[in-house]
Structure formats: C-alpha cells, structure tokens
Amino acid sequence: MTHTDRLRTRELREDAAMWFALMRGPEAEAQRARFETWLAAESAHRQAYNHIAEVFSLGKGLKPLVEAPEALLPATARQPSTLARATGNPVIVLLLFLAFVPVLVGLTIATMLAIGPGHPFLQATGSGTSLGGETSLATGRGEVRTFRLGDGSRVTLDSDSRVRVALSSQRRDLALLRGRARFFVAHEPRPFVVAAGGGSVLARGTVFDVALRGEAGASVDLIEGLVDVRQPRAGGGPAGSPRDESEVTRLTAGHGLAIGAPRGLPLRAVPSAPIDWTSDLRAFQEVPLRDLLAEANRYTDKPVVLAEPALGDLRVSGTFRVREPVRLAGNLAELLDLALVESPSAIALARRCSRMEKNFCPPS
C-alpha cells in the first residue's frame, strides 16, 4: 500500500469513527441527513463505516439486555449467544457490557484527539454552519495534504498553502490565501465559490486547480466539469454588491485562464494541461530549466539555484522527483552536463566550477 493509500484509509476511518460516535449521541437525528449523504457518496465510505462498526461491536451473539420479539431480530441475532451458553449467567453478560462502555468512549475520544480540533469535519454543525464562522486549512513547507470538508468535498493543498473555508446552509465559500490548491467539489445545490487573486471561481461538482501568482493575481486550470470564473470590471463594485459589474467566463475541461489581469482586459481561456503536482514523481516535456526549479523549490528551504541566469533557458524533459532537491540537482547536472556546487543555503548549477570553490564539483 502506498503512502497516499495509507493516508486515504486513515482519513476514511477517522471520518467513519466520528460518524459512528455522532449517530449514537444526542445529535443523531440532526445529523442523519448529512450522515446518509456521506454514506452514499462512495462505496469506500460504507466500507470504512462497517469496519468501525465491527471494531466497536459488543461482540456477535451477546444476549440483548432487553428482549425483543424474535421475529423482529435479524437472523444472526436469533442464534443463542456463545458467551451466554458458556456462562449461563446474564449478570456476567451485563458486567461485560458495562466494562466495554469505557473502552468505547475512550476510543472515540482518542479518535477525536487524533483528528484534532481543526479538522473540517469537526467544524460543521447540524445546520452546516462552520463553528466560529470559518475554518482555516494550511500546509507547511514541503507538505502536500488532502482535507475532507463537511459537505463531502476535498481540498488538496500544495506546499506552504492556506485556504479559508466557511460552510453555511446557503453557500460554500472558500478563499485561497497562499500557495496552490486542487478542489474536488461534491455536487449539491449550494454554490461552491473559491475567491483568489481578486476574482472568484463558481463550481458545483467538478475538479479544478487554483494557484496564486503573487501580485499578478491567480491562475485557474479546469480538470473536470464546468466552472464560471468571475473578475470585476473597471469601475464596478465588489462581487455580489449592487454595483457588481463582473465579467464572467465559463471554462470547460482542459482550459485555464488568469485572474487579476489589468482592469478592462477581457478574461481569455486558453488550452492547458495542468501538471499532477499532487504526486512527487512528475513528468516534464521541454520545459525551461528555471520553471522546473521554481516548481521544485516550493518544497524545500534549501533551493536549487542557477549560477548564470542564461541557464534558465535550457529545455528539460524527463521524470523527476521534485520534492528531493539534492537528488534532483544531481540528475539535472548529469543530464545537462553542468557542475554542481553545494553551500549551506543552496545548491547551485553552473557551467563550470570556480577553482576557488571549496565545495565538491562536479557531483560524485
């Protein structure tokens, strides 16, 4: 099982454990509609829930404390209890049940602590309103992580990224505050809006990337479905205000555009082929060396740099592990016949090494 698969399994079991606890508490009826939606969204959800139910089971065949008519019991429950037959004493069964309750509570609490108070699942109330008004999702340098929202959507954040999430009974509002994110939107009537770079993206059931580009705004790349990209026109008010005069462009899969162009310039959708930045191993085809290094340097505090700016024009093709800068620099040096010079703060690629350089050159 890969690391991604293990992470996915862990997330599913965390969500399933939380649903298991909620559906046996005082909020069960208030949460039932959301629980049934979650359960039906994917077969993996039901499998994870069944697994948790088995883990927390009191044991098949235990005699019920309150007898029910046999016709109303499932077939498996009509069989005599193995434990009851062995003991012949219902008091022992009762004691075993009481002994198990603290275990059930303890495991539930441990699961909640493992998830943490910032988990999006814990931020949603029965009405769909985020506690405290909003939730903040973030990753550190070098970290790529997927978060599951209360509506069933998923958000994958790239290294050093942050998204603000606010779910209400009418809307699903998000804002990309730093870095890059991929949104897997659960289909439902509430609009799903991502604000970034002075504009916004409206989706209902689709997959798309949004990346901030500094002061230049943001870029949107659509992978599946349809989205509407909105950008205010010059002289117009903020989106949603009475003076809102936004320009809206509909994107289809395989296209992208830039948000935040100078006011008055129309949004222009162009064909795009988003890279699979959620994977460590990535394929590049005839990309400038500077672009490849810019992508790799997202994941490290010790960047790979160019000793001469002109080296950035070199074209590179191949499959590289962009989150391993030392390995990447060595592969690029060998591929492009460059020298490699390492210092405490950076790894430099150069046409040749200075004779005064104390560090190793070329790479071993």
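The table for this structure:
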{"quantity": "Number of the condition not met by GLY217 [criteria: (1) surrounded by 15 or more Cβ atoms within 10 Å (Cβ to Cβ); (2) at pLDDT 90 or above; (3) not hydroxyl-bearing (Ser, Thr, Tyr)]", "calculated": "(2)"}
{"quantity": "Evaluation of LEU157 against (1) in contact with a Gly (Cβ under 9 Å, 6 or more places away or on another chain); (2) at pLDDT below 95 (one fails), failing number", "calculated": "(2)"}
{"quantity": "Matching residues, segment 245-280, being surrounded by fewer than 16 Cβ atoms within 10 Å (Cβ to Cβ), in a strand (DSSP E or B) and either of a type in the set (S, T, N, Q) or at pLDDT 90 or above (or both)", "calculated": "VAL248, ARG250, THR252"}
{"quantity": "Any chance GLU286 is modelled with pLDDT under 90, open to solvent by 70 Å² or more (accessible area, probe 1.4 Å) and over 22 Å from the mean Cα position of the chain (by Cα)", "calculated": "no"}
{"quantity": "Meets criteria (under 11 Å from the mean Cα position of the chain (by Cα), at pLDDT 90 or above, open to solvent by 50 Å² or more (accessible area, probe 1.4 Å) and farther than 15 Å from VAL210 by Cβ) for ARG145", "calculated": "yes"}
{"quantity": "Matching residues in segment 303-322 - criterion: being within 24 Å of TRP277 (Cα to Cα), open to solvent by 70 Å² or more (accessible area, probe 1.4 Å) and either touching a helix residue (DSSP H, G or I) at 6+ places or on another chain (Cβ under 9 Å) or at pLDDT 95 or above (or both)", "calculated": "ASP313, ARG315, ARG321"}
{"quantity": "Qualifying residue in segment 195-208 (condition: assigned to a strand (DSSP E or B) and under 22 Å from ASP280 (Cβ atoms))", "calculated": "yes"}
{"quantity": "Test result for VAL248, more than 22 Å from PHE208 (Cα to Cα), β-branched (Val, Ile, Thr) and more than 22 Å from the chain's Cα centre (by Cα)", "calculated": "no"}
{"quantity": "Residue that is nearest to ARG13 (Cα to Cα) [pool: residues in segment 167-192 that are assigned to a strand (DSSP E or B) and open to solvent by 30 Å² or more (accessible area, probe 1.4 Å)]", "calculated": "PHE184"}
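The values are calculated or read from the model by the stated rules, or taken from the named source; none is laboratory data. These numbers were taken from a predicted model, which means no experiment stands behind them. Cβ atoms come from the backbone with ideal geometry, glycine included; neighbour counts cover every protein chain shown. With ligands, DNA and RNA removed, areas are computed over all heavy atoms of the protein, side chains included. Shrake-Rupley method; radii C 1.70, N 1.55, O 1.52, S 1.80 Å.
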